[in-house]
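So the structure is just underneath, and the comments pick up after that.
No lab work stands behind these numbers, since they all come straight from the coordinates. Please read all numbers here as calculations on a predicted model, not as lab measurements. Backbone-built Cβ (ideal geometry, glycine too); neighbour counts: all protein chains shown.
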Amino acid sequence: MDADKATFENIDDYIGQAAPEVRELLQEIRKVIHEAAPEATEKISYQMPTFDLHGNLVHFAAFKKHIGFYPAPRGIEAFKDELSVYKGAKGSVQFPLGQPMPYDLISRIVKFRAAENIEKAKGKRKR
């Protein structure tokens, strides 16, 4: 899927335009994120499925050979040892298509990011 050429109104639109074999993975990632952060809301940001909880929580996207997962640099740093087997950058990781998706790891990263965003929001309210 070439997300640069399409405009998506919501995550259903995004997933609906993915190749059939990728749709299932995207739906499962969406479910895992919902279960890990049930209070988070869905939106499209940077033309990617995004979950918001007091600010951006995580993004994910389908590419030709991988699923991109974007938990911000702190989400990558906190799980760097487990993520070291995947290609990635400061705020992103690539989960190759054709390999088992690390749903448990995704869940733990989302929970970490949710706790981080909640704490950050509490600090803002105190000011």
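Taking the chain as a Gaussian network of alpha-carbon nodes connected by springs under 10 Å, the highest mean-square fluctuation of the residues A62, A114, A78 belongs to A78. Using θ = phi - 60° in the Karplus curve 6.51 cos²θ - 1.76 cosθ + 1.60, the 3J(HN,Hα) couplings for region 110-118 round to 4, 4, 4, 5, 4, 4, 4, 5, 5 Hz; x is entered for Gly and Pro. Each Lys and Arg adds +1 at its Cβ and each Asp and Glu adds -1 at its Cβ; summed about the Cα centre, the chain shows a dipole of about 700 debye. Normalising the average separation of contacting C-alpha pairs (under 8 angstrom, six or more residues apart) by the number of residues puts the relative contact order of the chain at 23 percent. Between A6 and K80, the contour length at 0.36 nm per residue exceeds the alpha carbon distance by 23.4 nm. For the pairs K64/K87; K87/K122; K87/K120, note any where the Cα-Cα span goes beyond 25 Å. Going by Cα-Cα distance, K87/K122; K87/K120 fall outside the 25 Å limit. Rounded, prolate or oblate: which fits region 3-126 when a ≥ b ≥ c are the square roots of the eigenvalues of the alpha-carbon gyration tensor, with rounded for a/c under 1.5 and prolate only if a/b beats b/c? Because a/c hits 1.5 or more and a/b fails to exceed b/c, region 3-126 counts as oblate.
Projecting the Cα atoms of I76, I44, I11 onto the dipole axis of the chain, where Lys and Arg carry +1 and Asp and Glu carry -1 at the beta carbon, places I76 farthest toward the positive end. Just to confirm a number: summing +1 for Lys and Arg and -1 for Asp and Glu over residues other than H34 whose beta-carbon lies under 11 angstrom from that of H34, what do you get? Neighbour charge sum, excluding H34 itself: -2.
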